[in-house]
1. Select from region 58-84 the residues that are under 18 Å from residue 36 (Cα atoms) and of a type in the set (Gly, Ala, Ser) and write down the one among them that is modelled with the highest pLDDT.
2. Out of 51, 64, which single residue is of a type in the set (Gly, Ala, Ser), over 14 Å from the mean Cα position of the chain (by Cα) and surrounded by 11 or more Cβ atoms within 10 Å (Cβ to Cβ)?
3. So, in region 1-57, exactly how many residues are touching a helix residue (DSSP H, G or I) at 6+ places or on another chain (Cβ under 9 Å), modelled with pLDDT under 70 and within 16 Å of residue 76 (Cα to Cα)?
Amino acid sequence: MMEALMKLFGKKDSSAKIAHNRLRVVLVHDRLNISPEIMENIRNDIVQVISKYVEIDMKAMEMSLANDEDSVALVANIPVSRMKHDKGGSK
């Protein structure tokens, strides 16, 4: 209950929790042997495709890898400002 209230009123994560999450991301990257350059390329490709359809807030965008017991997931939080209007066809 208290955690929900903290999120509702915008309390930031503690620096320990942020550091823990960053360490998890680094460990997942190491496990998959994904270099920072490859992650940046993936990020840029996703932004390029999504930007064809919506305007996104690049400054607030977050992307990471999440490790489960037997799988790894790419997790993206991409705030959308607005939809772009269809200009009459696709490429």
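1. Per the stated criteria, the residue is 76.
2. 51 is the lone residue from the list that is of a type in the set (Gly, Ala, Ser), over 14 Å from the mean Cα position of the chain (by Cα) and surrounded by 11 or more Cβ atoms within 10 Å (Cβ to Cβ).
3. Matching residues across region 1-57 total 1.
The values are calculated or read from the model by the stated rules, or taken from the named source; none is laboratory data. Worth saying up front: this structure is predicted, and the values here are computed from it rather than measured. Methodologically, a virtual Cβ is constructed for each residue, glycine included, from the backbone with ideal geometry; neighbour enumeration extends over all protein chains shown.
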